[in-house]
Structures are given as structure tokens and as C-alpha cells.
Amino acid sequence: MAKNKKFRLVDAILSVITVVFVAEAAAPAAAIGNSQFFWWIFLIIAFLLPYGLVVSELGTTYDDEGGLYDWVRRAFGDKWGSRVSWYYWINFPLWMASLAFLFPETISMITGMEIGLVPSLAIELAFIWIVVFLSFSKVSDSAWILNLAAVLKVGIALVVGGLGIWYAVNFGFANDMAPETFLPALDSNSLTYLSIILFNFMGFEVITTYVGSMENPNKQIPRAIIAGGIAIAALYLFSSFGIGAAIPAMDISLDSGIMDAVGIMAGVGSVLFIVVGVVFLITLFGNMVSWSFGVNFVAEHAARKKNMPKVFAHESEKNQMPTGAAIVNGVVASVLVLLSP
């Protein structure tokens, strides 16, 4: 059994970045305006760091693959364990369907071609089921996917932030940079967007479900969370700056803000624009695959304790991966995609 645990520390750190850092989420935060930087820093101190430390402590104390579900069940019993496993699971197929919608839209931006309804549905369904089949592999065997996604996400953040600096130096900032604009706004608009920043920080608990594939989870989990958390905070601040430098806050698209920013700074249709777009599409797979492992393990463990339907408890005889939960995710996301027109 021990010889199968080959998830290294660097894999764990890159997995944290893949899970928590969501490149497309920088745009909605940039729509807050310059006060976003106050909220980023405030929530890094008040939420990200305590949250990471709590997860690190729980993940090393209870080193099983049930993660969040097992923590809640141990503390509050099956009733609350059941509830948290449902709430945790339902987020995933909804998110996967929303990213599936984003896929053909981004392809259209890259190519400059309109994609019809049927081809769009085909692309969206292909995205969903590729993610499902990738999640059938063991976490340790899929480390290359998570590592590649992390490296590409870091690359996007550096490109967007670097272009923002270049754009500001050559053309000036797209937004008013007066000192008072960096003070926190307490209006309904800004407070609404705070939930987006909080969501951007979620996911540390996913890494704790990888313990079965780690060499030494008691050391790897806290180190990965600390190192990954610092990197994630820097990446969000840098990429959000890049978007805010190029696009007026009121004009930022909540779903294509990164591509809009690159298009403004490098030119729509430029080589850099196309490269960033293709890389962005690849990172969407990384987002979903990394989260699928955590969500599927939580659902499987809950099902084995009879706190979720039995279908979630099915696992592969070959590698004991939770294939039942993965297939349910694909079915639910596919139904949402097919109903959307």
C-alpha cells in the first residue's frame, strides 16, 4: 500500500494552487474597483490564514479521505455530516456546468467565430465528460494534470499582472487612482462582491482528501497550505491589478474579464491573446479535476455511512476511486447544460 503513496510535497503545493486559485475569478473582484485591494488584504488576514491553519490542523489530526464530511460527523453526528456532504457536493456539478458554458464562449473569443447552439452543446458536454473520465484516475497518477494546471494558472496571473503594469506605464490607468478610491466602500455593490473574494479562497479542505496518495500527509498538508496560501494571495492581487489597470471597473465582464483585459492590452486576435485563451481553457480542466477528487471522496464516504444515496458509494475495482460520484456529477451537469437553451 505504501508504495502507491507517491504524491510529493511539490505536488501538494501545486495542487493547492490548482484548487484554490481560480484565474477567472479575479475579474469579478476587480469589478469592485480599487477598494478590492483593501478587501483582498483584509480577507487574507481575517479569513484565508485562519481558514488554512484550521484545515491544516484538522487534516493532519484526522487523516482520512472523508475530509470535511468526517470532521463534521465526528463533531456533530450523522445529521450534520449528511447535510454538509450534500451542500458540499451540489456546488460541484453546478460549477462544472457554469464552466462548460464558458468554454465555447472563450473559443468564440479566440477564433472570432460565432458558435451555433448544437456545436456549443457538444463542446459543453465534451468538457463535462472529459472531466468525469479524468477523475477516474488516482490522485497520484493525475498529479501531472494538477501540476500543469497550477503552472499555467501562475502563468496567466503573471501575464495579466505584467501587462497591467506595462499598460499603466504607457497609457495610464483605466481607473481613478486617487488615494481615497482605495478606501473600502460599504455600499451594497461592493459588499455583494465580497462573497466572490471569499469564494476565491475556498478549497484548502480538498487537499486533505488526497491523504491516501501522499508520502507523508502530516508534514505535506500544513506545508502545502502555508506555501500555497502565500502564493495564491500574491497571484490574486497581481492578476486583479492587471485587470483593474486596463478596464474601467464598471465595464469589467464578470465572466470574461481576463480575456477582455488581455484583449485591450495586447490586442484581440494577437498571438498573446490566443495563447492566453488556450491556456485559460486548459486551466478550466485543472479546476474541475482537482475539485472532483475532493468532492467525490467526500460524497463516497458519506454514502458509505448511509448519509448520501448508495449510488455515490460505488468505486472502481481497479483503483478504488469514487466513480459513482463522478458519474452522478456528469449526469447532473449534463442535464443543466441541455436544459439551458
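hydroxyl-bearing (Ser, Thr, Tyr), closer than 24 Å to PHE7 by Cβ and surrounded by fewer than 24 Cβ atoms within 10 Å (Cβ to Cβ): is that true of SER270 in this structure? Taking the combined requirement at face value, the residue does not satisfy it.
Scanning segment 113-126 for residues that are surrounded by 13 or more Cβ atoms within 10 Å (Cβ to Cβ) and under 20 Å from VAL275 (Cα atoms) returns ILE115, ILE123.
Residues checked against (1) part of a helix (DSSP H, G or I); (2) open to solvent by 20 Å² or more (accessible area, probe 1.4 Å); (3) at pLDDT below 85; (4) more than 28 Å from PHE127 (Cα to Cα):
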site	(1), (2), (3), (4)
LYS219	yes, yes, yes, yes
ILE225	yes, no, no, yes
ILE232	yes, no, no, no
TYR236	yes, no, no, no
MET250	yes, yes, yes, yes
ASP255	no, yes, yes, no
ILE274	yes, yes, no, no
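Is at least one residue of segment 144-152 over 28 Å from PRO309 (Cβ atoms) and either in contact with a Cys (Cβ under 7 Å, 6 or more places away or on another chain) or free of Cβ contacts under 8 Å to residues at least 24 places away in the same chain (or both)? Checked segment 144-152: at least one residue is over 28 Å from PRO309 (Cβ atoms) and either in contact with a Cys (Cβ under 7 Å, 6 or more places away or on another chain) or free of Cβ contacts under 8 Å to residues at least 24 places away in the same chain (or both).
From the list MET308, MET288, the lone residue that is outside any helix (DSSP H, G or I) and within 18 Å of VAL206 (Cβ to Cβ) is MET308. Residues in segment 98-112 that are within 21 Å of SER270 (Cα to Cα), open to solvent by 30 Å² or more (accessible area, probe 1.4 Å) and free of Cβ contacts under 8 Å to residues at least 12 places away in the same chain: THR111 alone. State which residue is most open to solvent (accessible area, probe 1.4 Å) when the search covers only segment 184-201 and only residues that are in contact with a helix residue (DSSP H, G or I) (Cβ under 7 Å, 6 or more places away or on another chain) and part of a loop (DSSP other than H, G, I, E, B). If we take residues in segment 184-201 being in contact with a helix residue (DSSP H, G or I) (Cβ under 7 Å, 6 or more places away or on another chain) and part of a loop (DSSP other than H, G, I, E, B), then PRO184 is most open to solvent (accessible area, probe 1.4 Å).
The values are calculated or read from the model by the stated rules, or taken from the named source; none is laboratory data. Remember, it's a predicted structure, so these values are computed and weren't measured experimentally. Note: ideal-geometry Cβ built from the backbone for every residue, glycine included; neighbour counts use all protein chains shown. Each accessible area value is taken on the protein alone, full model and side chains, heavy atoms only, with ligands, DNA and RNA left out. Shrake-Rupley method; radii C 1.70, N 1.55, O 1.52, S 1.80 Å.
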